[in-house]
Amino acid sequence: MMSDKYDSLKLNNQLCFPIYAVAKEIIRHYTKPLGEIDLTYTQYITMMVLWERGKVSVRELGEALYLDSGTLTPLLKKLEAKGLVTRRRSRDDERMIEVTLTTEGDELRDKALDVPKYMTCQVALSPEEAKTLYDILYKLLGELTFSKSSGGGNDNI
């Protein structure tokens with residue numbers, strides 16, 4: 001059987017589609033536990049970076065989350081309005097905005113402990129499968145981040 005010249009345009013031949021669909025479904029499953037602590041998924045991953053680092057610049061936060069400042073600014077304003085973070089100009093460099101956890105933001109970490117437990121029950125992967133998937137996804141993320149700056153790529157991604 002001859003290959004169809006349009007094979008590369010078939011949805012089932014696209015790596016990007018199952019990644020997109022799985023990401024959408026995973027985020028949908030986060031809705032319940034995150035609703036209980038009044039966070040969206042993007043707010044949650046932002047808080048995770050802050051729980052880990054304590055204080056970060058908006059630039060560092062954007063790099064950690066692969067988000068631009070146009071996405072981060074309204075997100076941080078909402079977290080600030082909830083009393084979870086503060087934003088201030090850096091004393092060392094006034095061009096830089098630093099984001100810091102408030103006491104309330106730090107205390108939310110204890111309530112968030114149930115979120116990963118809940119999500120582990122939603123995904124039927126063995127620890128080994130989860131580690132393999134994690135490694136592959138981060139390899140792909142690194143390659144795509146590199147190829148964005150170098151212009152490389154793969155037709156079926």
| query | Using a Gaussian network for the chain with springs between C-alpha atoms less than 10 Å apart, which of these wobbles most: 75, 84, 144? | reply | 144
| query | So what's the angle, to the nearest 10 degrees on a 0 to 90 scale, between helix 127-150 and the longest Cα principal axis of the chain? | reply | 90
| note | Rounded to one decimal in nm, the spacing of the 7 Å Cα→Cβ label points at residue 68 and residue 21 is 2.9
| Spin-label pair residue 38/residue 93, simplified geometry with 7 Å Cα→Cβ offset, distance in nm | 3.4
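Could you order 73, 102 so the one with the most accessible surface comes first? Probe is 1.4 Å.
Ranked from most to least accessible, the order is 73, 102.
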| said: I'm spelling it out carefully: the read-out is mean projected area of the Cα convex hull in nm², the candidates are (1) 12.7; (2) 10.3; (3) 13.3, and one was derived from this structure. Which label? | reply: (1)
| remark: Heavy-atom accessible area per residue of the chain, all protein chains kept, 1.4 Å probe, expressed in Å², is 73
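What FRET efficiency, computed as 1/(1 + (r/R0)^6) with R0 = 30 Å and r the Cβ-Cβ distance, is obtained for residue 134 and residue 114, rounded to the nearest 0.05?
Between residue 134 and residue 114 the formula returns 0.90.
The values are calculated or read from the model by the stated rules, or taken from the named source; none is laboratory data. As the structure is a computational prediction, the values presented were derived from the model and not from experiment. As a convention, Cβ positions derive from the backbone with ideal geometry for all residues, glycine included, and neighbour counts pool all protein chains shown. What goes into the accessible areas is simple: the full protein's heavy atoms, side chains included, and nothing from ligands, DNA or RNA. Shrake-Rupley method; radii C 1.70, N 1.55, O 1.52, S 1.80 Å.
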